[in-house]
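Below you'll find the structure, written out as C-alpha cells, and then a few comments.
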Amino acid sequence: MFRFARELGTEFVASETGTYNLESDWVWHDDNGSDQVYQETCEVIRDLTNFAADWGSTFIVENYVNNVIGSVDQVKRLFNDVKAKNMGLICDPSNYFNDSNIEQVDMQLNLIFDELSPVMKIAHAKDCKRAVSTEEKHADIDAKEDKTFRGSGAVELPAAGLGVLNYDLFLQRLAKDHSNMPLIIEHLDAGDIASAKKFVDDALVKGGY
C-alpha cells in the first residue's frame with residue numbers, strides 16, 4: 001500500500017495499532033498497557049515509516065481507546081519516540097472516549113486539539129455516546145467487521161449527529177488549525193448516509209466553514 005499509494009492519488013496509508021485481545025480487534029487487553037508491547041509497537045511503526053519514506057508515502061495512525069495507542073498521552077509519546085517526518089495522525093475525537101471521560105466531551109475535545117493538532121493529517125466525522133450495553137457493538141449490515149464496528153465497552157460510536165460529540169466545537173477547532181483538511185464521514189448504515197451528510201454539511205455552514 002505504501003508503494004502504490006501515490007499512484008492511487010494519495011500519500012497516506014492509515015492503520016490502527018491493534019490490541020492483544022485475540023477475540024476482537026477493538027476490545028482491551030491488559031497487555032496493551034505494558035511497556036514491552038508499547039516498545040514493540042514503536043518498532044513496527046518505525047519499520048513502516050522507513051519503508052513508506054522510500055516511496056514518498058506517509059503513515060497515519062488512527063488511535064482507539066481500547067488499542068495499544070488510545071489516549072492523548074499515548075499518542076504524544078508515540079510521536080515523540082518514533083520521530084518520523086512521514087508520520088501523522090487521523091483526527092477522530094470519538095476514538096478517545098470511554099467510561100472515564102464520556103461526560104466531559106468538550107474538555108476532551110479541547111485537550112485533543114491543544115496537544116495533538118500539529119500532527120493531524122486527515123479527520124473523521126462520526127459520533128460517540130454512552131452505550132446501553134458494554135459488549136462489542138456492530139451494525140446489522142452485510143460487511144466486514146471493521147466496517148460494521150460501532151464501539152466496545154461503555155461507549156458507542158454511531159454516525160455523525162446521533163451522539164453527544166460537540167460538532168460546533170469540533171469543527172471550530174478543526175477549521176482554526178486545518179482549514180483545508182479532508183473530513184471523511186464514517187460509521188454509516190445505508191439509512192444514515194443522507195442524514196449524516198446533512199448533519200455535517202449543516203454544521204459546516206453554521207460555522208461558516
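Derivation of every value follows stated rules applied to the coordinates shown; laboratory data play no part. Fair warning: this is a prediction, and the values are worked out from it, not measured in the lab. Note: ideal-geometry Cβ built from the backbone for every residue, glycine included; neighbour counts use all protein chains shown.
Taking every alpha-carbon pair under 8 Å whose residues sit at least 6 apart, the chain reaches a relative contact order of 17 percent.
How large is the dipole of the chain about the Cα centre if only Lys and Arg carry +1 and Asp and Glu carry -1, each at its Cβ, rounded to the nearest 20 debye? If you can, show how the numbers build up before the last one.
Values: 20 positive and 36 negative charges, 175 e Å.
About 840 debye.
Using Cα pairs under 8 angstrom and six or more residues apart, how large is the relative contact order of segment 106-152, in percent?
Numbers: 20 pairs, mean separation 12.2, N = 47.
In percent, rounded to a whole number, it is 26.
Could you tell me whether segment 1-92 comes out rounded, prolate or oblate from its Cα gyration tensor? Rule is a ≥ b ≥ c as square roots of the eigenvalues, rounded for a/c under 1.5, then prolate if a/b exceeds b/c, otherwise oblate. Walk me through the intermediate numbers first.
On the way: a/c = 2.03, a/b = 1.70, b/c = 1.19.
Since a/c reaches 1.5 and a/b is larger than b/c, the shape of segment 1-92 is classed as prolate.
Over 30 Å between C-alpha atoms is what I'm after, so list which of K83/K198; K176/K197; K85/K176; K83/K144 land there. Before the final figure, lay out each step's value.
On the way: K83/K198 39 Å; K176/K197 21 Å; K85/K176 23 Å; K83/K144 33 Å.
Beyond 30 Å: K83/K198; K83/K144.
Amide hydrogen proximity for A125: with H placed 1.01 Å from N in the peptide plane, the residues at 5 or more positions away or on another chain lying under 5 Å are I184, I185, E186.
The spacing between segment 140-163 and segment 37-76, judged by their C-alpha centroids, is 23 Å.
Starting from 0.36 nm per residue, how many nanometres of slack lie between D30 and R6 once their C-alpha separation is accounted for? Present the calculation step by step, with values, prior to reporting the outcome.
Details: separation 24, 0.36 × 24 = 8.64 nm, distance 3.75 nm.
Contour length minus the Cα-Cα distance gives 4.9 nm.
Around the amide H of V164, modelled in the peptide plane, lie the amide H atoms of C128, K129, all under 5 Å away and 5 or more residues distant in sequence or on another chain. Given (i) 47; (ii) 57; (iii) 40, which label gives percent of Cα pairs over 23 Å apart as computed from the coordinates? It is the value labelled (i). A helix-only calculation puts the chain at -11000 deg cm²/dmol for mean residue ellipticity at 222 nm, using -39500 (n - 2.57) for each DSSP H run of at least four residues, averaged over all residues. Label sites at F51 and E186, each approximated as a point 7 angstrom past Cα along Cα to Cβ, lie 2.0 nm apart. Once the Cα-Cα distance is subtracted from the 0.36 nm per residue extended length, the K83 to D202 segment shows a gain of 39.1 nm.
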